[in-house]
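Here's the structure, in structure tokens; my notes come after.
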Amino acid sequence: MGSYAEHQRILSKAILRFSEEFPDGMIFQRHTGKFIKIGFVEALKAAYPDLHAMMSLIRSYKQYLIAISIPGQADSYLVLPVKPPGYDGILTIHIEVEVKSGEADQSKEQKNWQRAVELAGGLYILVRDPEDIISAIKAKWPWIS
């Protein structure tokens, strides 16, 4: 599994590289994840020093979780205005971007999200190197510059 710092380093470099290559494009980071409600900390404090009560709370921590995203949702997305050949006008392409560092793998939910995006004709990019965004876009749409 990769570290958060490495994930952020790859993402920062990928954003910079995307911005250099496609100055009209935009990239957005989603805030994803699960967080513990403050009530969990308060309940632990109230249970102290009863070790059994504290352990019971810890075992039931899931009731204190708050998810702030759709399970599997990519952590970033791109919006890229393009002018396809033979088309009189500009289209906007939406691209999903998931960054992984180290040996980290996609979760089952992330693979499902990728499959849904691709079945709808979209592009989902799994980024391990900052150049992955550029190469994936150009591989799918070689006419984009």
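Could you list all residues from the range 84-103 that are crowded, with 17+ Cβ neighbours inside 10 Å and either at positive phi or within 16 Å of the chain's Cα centre (by Cα) (or both)?
Answer for the range 84-103, where residues must be crowded, with 17+ Cβ neighbours inside 10 Å and either at positive phi or within 16 Å of the chain's Cα centre (by Cα) (or both): Ile95, Glu96, Val97, Glu98, Val99, Lys100, Ser101.
Does the range 117-124 contain any residue that is assigned by TED's automatic domain parsing to the domain that holds Leu78, assigned to a loop (DSSP other than H, G, I, E, B), farther than 14 Å from Leu78 by Cβ and free of Cβ contacts under 8 Å to residues at least 24 places away in the same chain?
Yes, some residue in the range 117-124 is assigned by TED's automatic domain parsing to the domain that holds Leu78, assigned to a loop (DSSP other than H, G, I, E, B), farther than 14 Å from Leu78 by Cβ and free of Cβ contacts under 8 Å to residues at least 24 places away in the same chain.
May I ask you to say which residue of Ser135, Ser145 is among the hydroxyl-bearing types (Ser, Thr, Tyr), free of Cβ contacts under 8 Å to residues at least 12 places away in the same chain and part of a helix (DSSP H, G or I)? Before you say what the answer is, go through the steps one by one.
Values: Ser145 fails: part of a helix (DSSP H, G or I).
It is Ser135.
Taking the condition closer than 19 Å to Val79 by Cα and part of a helix (DSSP H, G or I), does Phe40 pass?
no
Output the number of residues of the range 48-106 satisfying the condition of being within 23 Å of Phe28 (Cβ to Cβ) and of a type in the set (D, E, K, R).
Here the count works out to 5.
Restricting attention to the range 1-21, which residues are of a type in the set (Phe, Trp, Tyr) and within 19 Å of Gly33 (Cβ to Cβ)?
Within the range 1-21, just Tyr4 meets the criteria.
Can you name every residue in the range 10-55 that is without any contact (Cβ under 8 Å) to a residue 12 or more places away in the chain and either surrounded by 15 or more Cβ atoms within 10 Å (Cβ to Cβ) or in contact with a helix residue (DSSP H, G or I) (Cβ under 8 Å, 6 or more places away or on another chain) (or both)? It would help to see each step written out before you state the result.
Within the range 10-55, the first condition is being without any contact (Cβ under 8 Å) to a residue 12 or more places away in the chain, and the residues that meet it are 12, 19-20, 23, 38, 41-42, 45-55.
Answer for the range 10-55, where residues must be without any contact (Cβ under 8 Å) to a residue 12 or more places away in the chain and either surrounded by 15 or more Cβ atoms within 10 Å (Cβ to Cβ) or in contact with a helix residue (DSSP H, G or I) (Cβ under 8 Å, 6 or more places away or on another chain) (or both): Ala47, Tyr48, Ala53, Met54.
With Gln63, Gln106 as the choices, which residue is surrounded by 13 or more Cβ atoms within 10 Å (Cβ to Cβ) and either assigned by TED's automatic domain parsing to the domain that holds Pro130 or not small (Gly, Ala, Ser) (or both)?
After ruling out the rest, the residue left standing is Gln106.
Check Thr92 against each of (1) free of Cβ contacts under 8 Å to residues at least 24 places away in the same chain; (2) assigned to a loop (DSSP other than H, G, I, E, B) and name the one condition it does not meet.
(2)
For the list (1) more than 20 Å from Ala136 (Cβ to Cβ); (2) in contact (Cβ under 8 Å) with a residue 24 or more places away in the chain; (3) of a type in the set (Asp, Glu), I need the number of the one condition that Asp75 fails.
Every condition holds for Asp75 apart from (1).
The values are calculated or read from the model by the stated rules, or taken from the named source; none is laboratory data. All figures in this text were calculated on a predicted structure; none of them were measured in a lab. Positions of Cβ are generated from backbone atoms using ideal geometry, with glycine treated the same way; all protein chains shown enter the neighbour counts.
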